[in-house]
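The values are calculated or read from the model by the stated rules, or taken from the named source; none is laboratory data. Owing to the predicted nature of the structure, the values given are computational and were not obtained by experimental measurement. Using ideal geometry, Cβ is built from the backbone for each residue, glycine included, and neighbour counts are taken over all protein chains shown. Remember, those area values only see protein heavy atoms, side chains included, never the ligands or the DNA or RNA. Shrake-Rupley method; radii C 1.70, N 1.55, O 1.52, S 1.80 Å.
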Amino acid sequence: MTAPTRSPARGPAAPAGRRETAGGVGASARRPDATPKVTGQFAYGSDLWMDDMIWGVTLRSPHPYARIRSIAIGEALATSGVYAVLTHDDVPGHNISGLEVADQPVLADGVVRYQGEPVALVAADHPEIARQAAKKIAVDYEVLTPVTDARRALDPGAPRLHERGNLVRHLKIRKGDPQPAADVVVTGSYQVGMQDQAFLGPEAGLAVPDGAGGVDLYVATQWLHVDQRQICAALGLPPEQVRLVLAGVGGAFGGREDLSMHVHACMLALHTGKPVKMSYNRQESFFGHVHRHPARMRFEHGARRDGTLVYVKAEIHLDGGAYTSSTPAVVGNAGTMGIGPYVVPNVHVDCYGLYTNNPPCGAMRGFGSVQTAFGHEAQMDKLAAALGMDPVELRCRNAISMGGEAPTGQIVDSPAPVAELLQRLRDMPLPDPAQTLTGNGNGAGPDLRGLPGGVANTTHGEGVVRGVGYAVAYKNVGFSEGFDDYSTARVRLEVIGGEPVVTVHTAAAEVGQGLVTVEQQICRTELGVEQVLVSPADTRVGSGGSTSASRQTYVTGGAVKAACERVRERVLGLAQRDLGRTVAGLRLEDGCVVSDAEGALGPIARFVGGEVIEETVEWRHRPTFPVDPETGQGFAHVQYAYAAHRAVVDVDTDLGLVKVVELACTQDVGKAMNPDAVEGQIHGGSAQGLGLAIMEEIQITDGRIANPSFTDYLIPTILDMPPMRLEVLEYPDPNAPYGLRGVGEAPTISSGPAVAAAIRAATGLDLSRLPIRPEHITDGR
């Protein structure tokens, strides 16, 4: 793939006399988990093992909506090798849990609301025995007609799936003139299917009873402390008796924020007195975690004849499935950022999150903004066509910038280079179509690998049309709308074997994004110590919050930085005490205490001696606030991240096959903490956006999943990913540690709409649904 280019950093120069620390902030430091992961030696959750452990499995409902008349467990319990069979009657604490709202049973009690809802548990001395015993549990269901259309869930006559009704949240954004007039008006209705996080490591964990009524849970998760809170409630135990340790995580992308096997394994372990391992297979994983909310949207854009936006109206329906999960926050993001990174004086948005009997939906990379970006970017292309304008120029003319006002009335108080991102994309060279369609000029013909259909030999270029499309998007960083967003870090400095060693301990989950590397980099930069150890994440230290919302480098990084600063001040105090005088301009660098005026004054080890210096800091970003319930106005988000994509596609218009020839991305990251990691995040996010655009969808029929496998649920492989051009901008955010911005989500948001725009440009079709399937192209001709 094409190597990325990076623009020069913008912002204040480094302090005089200070140089960048090797392996510190700004360097492409090596990941400490890199070698074991690429050699296959890294232990993931599914690799957990303990002597004398037994296996747990979950019996799940085959129906999307049904009443449970009875559950008979006798035959299952009598199976040789079975240690326990548990139902809702065996939940020792509260049988209700939930990420934001406690509305989801640990085990179904009286009713099931989606296909795959947990009904009973089995523990046995072999996983196959447990699975066979689970089949012997007799559940008598009264099957009900499911509610599967989110819009119809609002109808007065629709069955009430929860006591409070079917509406999870309705967010209203009202800004400016309620009856604006415009010279040119375009409308469109859009739909986005249900996408899966498709992480490669299925849900897994090991629960170990401590013999004193408590339990230790080793689990692959995104948020240890919120898991602990829910587990404690279900088990009826205090936090000190429920200890969580992060197991190796094989990908997450939001799908591990909610509980899966956590409480189930702990229940079985406490009931049997034995360690219990639970590990989902791929099919169960599709039923066992939340997915991206499907969306139906209607937009209306009005503009003056010069292209200046006058108003945007939008109505957005998000299908939250059977339980709340993070739907309220997803609605918040979809509504507050649902018109894109543009200056619009008049905004009227209604965003709804609804309960249905479809699978529960919650967090997934991009978190509400992915769905709406497809709509608002399609609208910008449609408006450009109506005005006879270049679509990039139209976007630049309306792009928000620093000092601009968001739809919530919030003033953007950090750099927002939206227009520059688009202009840089437009200036990048385009791939030569002749290389794909005519080959290398030696008479051998085109390289089939570069054509739609690939080596299946469906075309040699006949009927293949090239298209180019653009999209830009933005995403909030961190938790919003008044959520108390913080992280805790403990940093210890001691001398071991004559050398200073730093140990950093947080509860923040490393899910593959490289947080452990960033923690090391920050410690090296702030303390000038090369050897930095990262303790396993667990609940022995205060909460690190969720590894989601592109927040961990910002918030946990901020906590690590603050803890390091306290440790540094103590070390410098020891140095001055040892020297017997006050020295100005002291810092730590290359393992030494250094003065701006005098240079190195001595090694850190000399001044620290046998002392252990440890500091724990709970760090918060500046506060956000709930938006006004009637107008949606307020300081909702702490920071925004911006990305833009250009997609080049070849489309076989006869068969409807699409080949993405190239993706180009420009993104502002504030500060590239680890340039190689930034590149990886952009590549990975772009792959997920491409997948949603042309292949990824959980097929739901009457509330039932039709394709719960990687045979039928397709995700991009290395052969589907095109070469990428990257250009990374670094405009520091003055409110953020090191000026950084979250990186991971923004490229997922703009890549899909860019691919869709390119397919529209190639075909001339008004393609209004993601993913775009071959029949959408062939039937539309």
Volume of the Cα convex hull of segment 107-216, divided per residue and given in Å³: 274
Under the 0.36 nm per residue contour assumption, what length would be gained going from the current alpha-carbon distance of Val185 and Arg449 to full extension? 90.8 nm
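Normalised by the residues of the chain, what does the relative contact order come to in percent, with Cα pairs under 8 Å and at least six apart? Numbers along the way, then the final one.
Numbers: 2034 pairs, mean separation 131.5, N = 781.
Value for the chain: 17 percent.
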Using a Cα-Cα cut-off of under 14 Å, which aspartates and glutamates could be cross-linked to Lys136, ignoring same-chain neighbours fewer than 8 residues away? Glu75, Glu128
Under 11 Å from the Leu200 label point (7 Å along Cα→beta-carbon), backbone N, segment 248-276: 250-251
Would you work out the Kirkwood radius for segment 180-249? I mean one over the mean of 1/r across all pairs of different Cα atoms, in Å. 15.7
By DSSP, what percent of the beta bridges with both residues in segment 495-608 are antiparallel, rounded to the nearest 5? 75
Could you compute how fast segment 66-148 diffuses translationally, taking Rh as the Kirkwood radius over C-alpha pairs and applying Stokes-Einstein at 4 °C with viscosity 1.567 mPa s? Give it in µm² per second. 94
At 0.36 nm per residue, minus the direct Cα-Cα distance, what do Arg69 and Glu598 gain on full extension? Give it in nm, one decimal, please. 182.3 nm
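Restricting to DSSP loop positions (anything but H, G, I, E, B) with no more than 16 other Cβ atoms inside 10 Å of their own Cβ, which chymotrypsin sites (Phe, Trp or Tyr not before Pro) remain in segment 674-781? Write down the numbers at each step before the final one.
Values: sites: Phe710, Tyr713, Tyr738; in loops: Phe710, Tyr713.
Here the sparse-neighbourhood loop sites are Phe710.
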Under 17 Å from a label point 7 Å along Cα→Cβ of Asp109: give me every residue in segment 202-235 with its amide N that close. 230-235
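Taking R0 as 56 Å, what FRET efficiency do you get between Thr631 and Arg131 from their Cβ-Cβ distance, rounded to the nearest 0.05? If you can, show how the numbers build up before the last one.
Working: r = 53 Å, r/R0 = 0.95.
Computed FRET efficiency for Thr631 and Arg131 comes out at 0.55.
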If packing is taken as the average number of other Cβ atoms within 10 Å across a peptide's residues, how do 318-329, 45-56, 30-41 rank, most packed first? 318-329, 45-56, 30-41
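Grab the eigenvalues of the alpha-carbon gyration tensor for segment 551-682, scale each by 5, take roots, and send me the semi-axes largest first in whole angstrom.
Working: eigenvalues 465, 115, 30 Å².
After diagonalising the Cα gyration tensor, the semi-axes are 48, 24, 12 Å.
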What number, rounded to the nearest 500 deg cm²/dmol, is the helix-based mean residue ellipticity at 222 nm of the chain, given -39500 (n - 2.57) per DSSP H run of at least four residues and division by all its residues? -7500 deg cm²/dmol
Expressed in nanometres to one decimal, the distance between label points 7 Å along Cα→Cβ at Asn281 and Glu405 is 5.8
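Anything over 25 Å Cα to Cα? Flag those among Lys475/Lys671; Lys37/Lys274; Lys313/Lys671, in the order listed. Numbers along the way, then the final one.
Values: Lys475/Lys671 17 Å; Lys37/Lys274 30 Å; Lys313/Lys671 35 Å.
Checking Cα-Cα distances, Lys37/Lys274; Lys313/Lys671 exceed 25 Å.
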Accessible carbon and sulfur surface of the chain relative to its total accessible area, %, 1.4 Å: 51
Percentage relative contact order, segment 542-607, counting C-alpha pairs under 8 Å, at least six apart: 20
Which FRET efficiency value, to the nearest 0.05, do you get for Leu572 and Val612 by plugging their Cβ-Cβ distance into 1/(1 + (r/R0)^6) with R0 = 22 Å? 0.85
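At 1.4 Å probe radius, can you tell me the per residue accessible area of segment 517-597 in Å²?
34
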Peptides 682-690, 764-772, 67-75, 209-217 ordered by average Cβ neighbours within 10 Å, highest first: 682-690, 764-772, 209-217, 67-75
How large is Rg over Rh for segment 499-616, taking Rg from the Cα atoms and Rh as the Kirkwood inverse mean of 1/r across Cα pairs? 1.02
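How much length would be gained if the chain were fully extended between Ile96 and Arg152, taking 0.36 nm per residue of separation minus their Cα-Cα distance, in nm to one decimal?
Working: separation 56, 0.36 × 56 = 20.16 nm, distance 2.66 nm.
Gain on stretching Ile96 to Arg152: 17.5 nm.
Per residue, how much accessible surface does segment 117-198 expose to a 1.4 Å probe? Answer in Å², no decimals.
On the way: 3920 Å² over 82 residues.
Per residue, segment 117-198 has an accessible area of 48 Å².
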Accessible area (Å², per residue) of segment 21-92, counting only protein heavy atoms and a probe of 1.4 Å: 53
Listed candidates [x] 31.6; [y] 27.6; [z] 26.6 - label of the one calculated as Kirkwood radius over Cα pairs in Å: [y]
Distance in nm between Thr308 and Arg540 label points, each 7 Å along Cα→Cβ, equals 6.2
